[in-house]
Amino acid sequence: MSNEKPVTVAAMYKFASLPDHPQLQSPLNNLCRAQGVMGTILLANEGLNGTIAGTAEGIEAVIAHILSDERFKGLSLKYSFADKMPFHRMKVRLKNEIVTMGKPSVDPTNIVGEYVKPDAWNKLLSDPDIILVDTRNAYEVAIGTFKGAEDPRTKSFREFPDWVQALKDRTSEDEPKPKVAMFCTGGIRCEKASAYMKSEGFEQVYHLEGGILKYLETVPEEESLWEGDCFVFDQRVSVGHRLEPGVYDMCHACRRPISDDDMASPAYERGVSCPHCIENSSSEQKARFASRQRQMELAKAQHRRHLGAAYADLPSSEST
């Protein structure tokens, strides 16, 4: 876990039965704060999901605390590194789901698709009968995805069951349901999506273990089937192969990734609008956004932290 960069970032999740999850909140939150760790952790009856950042020692202490609970054995854990703290505060939140599909009865600890390791992913995708689906949101897919992947064009993960129904509708009743391979940023969304598809009668369902991030970290670029950047839910905005920082910035108004061309557009005003969202807010909202941006810039010039800067602390319920 050693790296020359000063900030360690840990993305983690685990589906597990946690009927006592409210009792886990305060001890975890207090430890993170005591260690100077920032980010977001979600706790629900179905498990834990979060991304945190801090010193290597602070992160190690938090992970050790989590793993001291046997229910988190097998925690999916991915490390990366940053030059500066990508979050502005620490939040441990109680939720109905650790990744929000709107189907809390779906239980990946009971039924789930087949895990495929990154080094076996390319071979699986060579199967011409596989339907490859990107389970992320449309704005994530727009900046990068696997070659040949189907984009369900969802605005949030809650819409994924609609895509599944559409797939069922285009499959004849007298033919077997198709084989499906799915992927997401870190594995949590496609793990739950695969559980849902299995519960809906799909028998051959596969998902990329560790998600896009593990694939980009481990598969040599010359062998990679990934095209573009991978959106991440922190101030890095996007990463590429070997998890190197990508080429995108973020619109502080709508939180979508934006390119240099987007920032050159007349529709772009820092903190106020971009070509993706300029039509989605009223003049009153834009005025509030502009006021917030001025306050943030003043706070930065005065070396103060402004709470409005917490736009980077994006919801972890969609983060992996």
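Where residues in region 247-267 are surrounded by fewer than 20 Cβ atoms within 10 Å (Cβ to Cβ) and in a loop (DSSP other than H, G, I, E, B), which of them is modelled with the lowest pLDDT?
Pass one, region 247-267, residues surrounded by fewer than 20 Cβ atoms within 10 Å (Cβ to Cβ): 247, 249, 254-255, 259-267.
With in a loop (DSSP other than H, G, I, E, B) added as a condition, the list becomes 247, 254-255, 259, 265-267.
Details: Val247: 90, Cys254: 90, Arg255: 87, Ser259: 93, Ser265: 96, Pro266: 95, Ala267: 95.
Only one residue fits best here, namely Arg255.
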Scan of region 7-33 for residues that are part of a strand (DSSP E or B) and more than 19 Å from Ala82 (Cα to Cα), ordered by number: Tyr13, Lys14, Phe15
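Here is a yes/no grid of residues against (1) at pLDDT 95 or above; (2) farther than 23 Å from Phe231 by Cα; (3) outside the structural domain of Gln204 (by TED's automatic domain parsing):
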position	(1), (2), (3)
Ala82	no, no, yes
Met85	no, no, yes
Arg89	no, no, yes
Val106	no, yes, yes
Ile130	yes, yes, no
Val133	yes, no, no
Residue match in region 99-115 (condition: of a type in the set (D, E, K, R), over 20 Å from Ile188 (Cα atoms) and surrounded by fewer than 15 Cβ atoms within 10 Å (Cβ to Cβ)): no
Selection within region 255-272 - of a type in the set (A, V, I, L, M, F, W, C) and touching a strand residue (DSSP E or B) at 6+ places or on another chain (Cβ under 8 Å): Ile258, Met263, Ala267
Test: residue in region 10-25 that is over 28 Å from Val106 (Cβ atoms) and either modelled with pLDDT of 95 or more or among the hydroxyl-bearing types (Ser, Thr, Tyr) (or both): no
Matching entry among Phe233, Phe202 (being crowded, with 16+ Cβ neighbours inside 10 Å, in contact with a strand residue (DSSP E or B) (Cβ under 7 Å, 6 or more places away or on another chain) and either polar (S, T, N, Q) or not assigned by TED's automatic domain parsing to the domain that holds Leu132 (or both)): Phe233
Verdict on Ser76 being under 26 Å from Ser238 (Cβ atoms) and of a type in the set (Gly, Ala, Ser): yes
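Could you check region 121-164 and list, in sequence order, the residues that are small (Gly, Ala, Ser) and closer than 22 Å to Val239 by Cα? Lay out the reasoning, then the answer.
Residues of region 121-164 that are small (Gly, Ala, Ser), as a first pass: 126, 138, 142, 144, 148-149, 156.
Within region 121-164, Ala138, Ala142, Gly144, Gly148, Ala149, Ser156 qualify.
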Qualifying residue in region 244-267 (condition: under 27 Å from Asp83 (Cα atoms), among the basic types (Lys, Arg) and without any contact (Cβ under 8 Å) to a residue 40 or more places away in the chain): no
The one condition in (1) surrounded by fewer than 17 Cβ atoms within 10 Å (Cβ to Cβ); (2) more than 19 Å from the chain's Cα centre (by Cα); (3) closer than 30 Å to Pro220 by Cβ that Phe81 fails to fulfil: (2)
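Got a number for residues in region 215-230 being in contact with a Pro (Cβ under 9 Å, 6 or more places away or on another chain) and buried (at least 20 other Cβ atoms within 10 Å of the Cβ)?
Applying the first criterion (in contact with a Pro (Cβ under 9 Å, 6 or more places away or on another chain)) to region 215-230 yields 215-219, 229.
The next check asks that each one be buried (at least 20 other Cβ atoms within 10 Å of the Cβ); those that pass are 215-216, 229.
Total meeting the criteria: 3.
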Region 27-39 residues that are within 13 Å of Thr8 (Cα to Cα), paired with ones that are β-branched (Val, Ile, Thr) and assigned to a helix (DSSP H, G or I) (beta carbon under 9 Å, 6 or more apart): Gln35/Ile59; Gln35/Val62; Val37/Ile59; Val37/Val62
Out of Phe233, Phe202, sole residue that is closer than 30 Å to Ile131 by Cβ, of a type in the set (Phe, Trp, Tyr) and modelled with pLDDT under 90: Phe233
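The values are calculated or read from the model by the stated rules, or taken from the named source; none is laboratory data. The structure displayed is predicted, hence computed values, not measured ones. Using ideal geometry, Cβ is built from the backbone for each residue, glycine included, and neighbour counts are taken over all protein chains shown.
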